[in-house]
Amino acid sequence: MQSMADYDVESFGAPLRRIVGSKIAAAAIDRAAKNFTATTAKMQWTSLAEVPEFSRSRNPELAPELAQHGKDNVDQILRLLRGEAPGRFEFVHAYARRRAEQRFPLEATLHAYRSNLKVWSRWLCESVYAVAAREKGAQQDVANFSDFAIEYADTISTIFASTYSAHSILLADLAGDQRSELLQTLLGGYDEADPRAAQLLRESGFLEERQFFCVALARSVDPTEMLNASRARRMADSIEQIIAEHGVRRVIDLHNGKVTMVFAAVSRDSGWTAPRASLAKRMLGALSLVGNAALIGVSNDVPSTARIPTAYREAATALDLASVSQRVVQFSDVPMRQLLVHFAAKDIGRVLPPWAAAFRDADAKAGGALVETLRTYASVDMNILKSADLLGVHPNTIYARFQRVFDISGLQPRSFDGLNDLLIICDVADRDSGG
């Protein structure tokens with residue numbers, strides 16, 4: 001690829017070399033110059049008519065900048081046809097950077113260039129016909145002008161695409177640095193009064209009045225997937241697209257091998273209005289739309305940036321408790337017994353009774369029926385008939401399973417204390433097996 005300083009007349013090949021210095025071409029170029037305004041207007045109309053992105057955009061600067069870019073192109077074409085040095089095409093580079101900064105689609109401008117190629121070719125060829133229709137060799141001049149239009153369109157398309165892509169990467173790197181700094185500040189729990197953090201938080205909209213916050217963490221079901229930077233980034237980008245539709249302030253980035261999200265929203269419209277619905281619950285619903293390959297933990301709401309580290313720990317706990325059967329977990333929905341087991345798992349594991357292994361083996365041989373029966377019995381407030389109905393078995397089957405549990409453990413499932421101890425053993429076993 002040529003650098004900005006490398007373009008000269010030779011860069012456009014034989015068609016332009018044959019045009020420059022030709023008597024017929026000189027007259028045709030003068031005539032083309034007289035149609036400058038009409039041609040630029042035609043280019044503008046063609047772009048708006050054939051490239052829907054220009055019409056859909058609400059950017060007020062887009063149309064006037066498109067018109068100016070058209071004038072710059074027509075002026076550059078005339079300069080080249082007259083044999084002047086092409087220069088560095090800085091107007092194309094500047095236009096590309098501008099469109100990249102405003103996130104206008106690359107393909108839309110390239111589409112416009114393709115559409116304008118037809119305008120340029122017709123404009124130049126008609127100018128040749130107008131001054132040399134009866135002259136010998138006019139057909140060759142027409143071919144030269146047509147070929148030059150193609151060469152010109154290819155050149156500016158290449159310049160535009162290269163500069164747009166390079167500038168987009170630069171902008172993404174800058175945005176990534178700013179996003180990372182903001183996330184680190186939020187997770188650091190800086191109080192709103194901290195002067196070092198206040199400006200960054202205020203500029204990012206995280207210091208508005210009456211806001212509340214929550215944190216969510218996501219990772220792949222397969223933790224090794226997060227070691228692949230591109231795959232992890234794709235997950236972050238996918239979540240960003242889903243959350244963007246919900247209109248909450250957010251910062252989403254990769255942190256410690258997880259997609260880390262901090263959300264903020266106004267808790268109430270004024271001091272006299274009722275609080276809005278839980279932000280964490282809203283985000284829970286949105287994040288449930290993320291694909292089945294992700295596990296997600298969501299914190300409770302917290303009232304200030306200083307409490308965000310607490311929310312981060314809650315989200316981390318919820319993520320630890322997520323599984324393929326419950327991909328998205330909110331901290332407030334985790335039962336207290338499960339939290340106690342989670343936080344004290346190592347200590348509980350060291351004091352498990354000797355019969356715990358035999359109980360796990362018996363349950364495995366029964367296809368999980370013993371544990372399922374205990375949990376169902378607890379879920380219906382220790383009601384045998386309801387348990388049997390939910391499990392689709394006879395009540396005597398429940399009694400038989402309880403007897404089997406008693407024979408192994410010495411604990412009576414029909415007593416509260418016995419059932420509670422048995423459920424703790426079940427929870428520890430689930431945790432150890434990753435269930």
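The values are calculated or read from the model by the stated rules, or taken from the named source; none is laboratory data. The structure presented is a predicted model; accordingly, all values stated were derived computationally and were not measured. Quick reminder, even Gly has a Cβ in these numbers, built from the backbone with ideal geometry, and neighbours come from all protein chains shown. Note: accessible area is taken over every heavy atom of the protein model, side chains too, but ligands, DNA and RNA are not part of it. Shrake-Rupley method; radii C 1.70, N 1.55, O 1.52, S 1.80 Å.
For the chain, the tally of Lys pairs with Cα-Cα distances below 17 Å comes to 6, considering only residues 8 or more apart or on different chains. Per residue of the chain, what 222 nm ellipticity follows from adding -39500 (n - 2.57) for every DSSP H run with n ≥ 4, rounded to the nearest 500? Only helices count here, giving -20500 deg cm²/dmol.
Is the C-alpha gyration tensor of the stretch 310-435 telling us rounded, prolate or oblate? Criteria: a/c under 1.5 is rounded; beyond that, a/b larger than b/c is prolate, otherwise oblate. Prolate is the answer for the stretch 310-435, as a/c is 1.5 or above and a/b outweighs b/c.
Give me the extension gain from Val351 to Gln412: residue separation times 0.36 nm, minus the current Cα-Cα distance, reported in nm with one decimal.
Here the segment from Val351 to Gln412 would lengthen by 20.0 nm.
Per-residue 3J(HN,Hα) values for the stretch 407-414, derived from phi via the Karplus relation 6.51 cos²θ - 1.76 cosθ + 1.60 with θ = phi - 60°, read 4, 7, 9, x, 9, 8, x, 7 Hz in sequence order (x marks Gly and Pro).
When nucleic acids and ligands are ignored and a 1.4 Å probe is applied, Leu340 ends up with an accessible area of around 110 Å². Put the Cα centre of the stretch 314-377 next to the Cα centre of the stretch 380-435 and the gap is 14 Å. When every Cα-Cα distance of the stretch 206-261 is counted in 10 angstrom steps from zero, the calculated P(r) takes the values 22, 49, 23, 6, 0 percent. Nearest 0.05, what FRET efficiency do His246 and Arg122 give at R0 = 41 Å with Cβ-Cβ as r? Between His246 and Arg122 the formula returns 0.30.
On a 0 to 90 degree scale, rounded to 10, what angle separates helix 138-187 from the longest Cα axis of the chain? Approximately 30 degrees, to the nearest 10. Springs between alpha-carbon pairs under 10 angstrom, Gaussian network model over the chain: which of Leu339, Leu183, Leu284 fluctuates most? With Cα springs under 10 Å in the chain, the top fluctuation among Leu339, Leu183, Leu284 is at Leu339. A simple spin-label model places the labels of Ala277 and Ala130 6.4 nm from each other, with each point 7 Å out along Cα-to-Cβ.
Extents of the chain, largest first, come to 111, 52, 37 Å (Cα atoms, principal axes, whole angstrom). Using the eigenvalues of the Cα gyration tensor, what equivalent ellipsoid semi-axes result for the stretch 244-388 when each is taken as the square root of five times the eigenvalue, whole Å, largest first? Those come to 36, 19, 16 Å.
With 5 Å bins beginning at zero, the pair-distance distribution over Cα atoms of the stretch 331-399 amounts to 3, 15, 17, 17, 22, 16, 8, 2 %. Label sites at Ala49 and Glu225, each approximated as a point 7 angstrom past Cα along Cα to Cβ, lie 4.8 nm apart. Available extension along the chain between Glu181 and Arg103 is 25.8 nm, counting 0.36 nm per residue and deducting the alpha carbon span. Taking amide hydrogens as placed 1.01 Å from N in the peptide plane, the amide H of Ala294 sits under 5 Å from those of Val221, each at least 5 positions away in sequence or on another chain.
As a length-normalised measure over Cα pairs under 8 Å and 6 or more apart, the relative contact order of the chain settles at 12 percent. The peptide list 316-323, 355-362, put in order of mean Cβ contacts within 10 Å with the highest first, becomes 316-323, 355-362.
May I ask what percent, to the nearest 5, of DSSP beta bridges between residues of the chain are antiparallel?
About 90 percent, rounded to the nearest 5.
Remark: the Phe36-His342 segment gains 102.7 nm on full extension, using 0.36 nm per residue and subtracting the alpha carbon distance. The label-point distance for Ser238 and Ile150, in a model that sets each label 7 Å from Cα toward Cβ, rounds to 4.3 nm.
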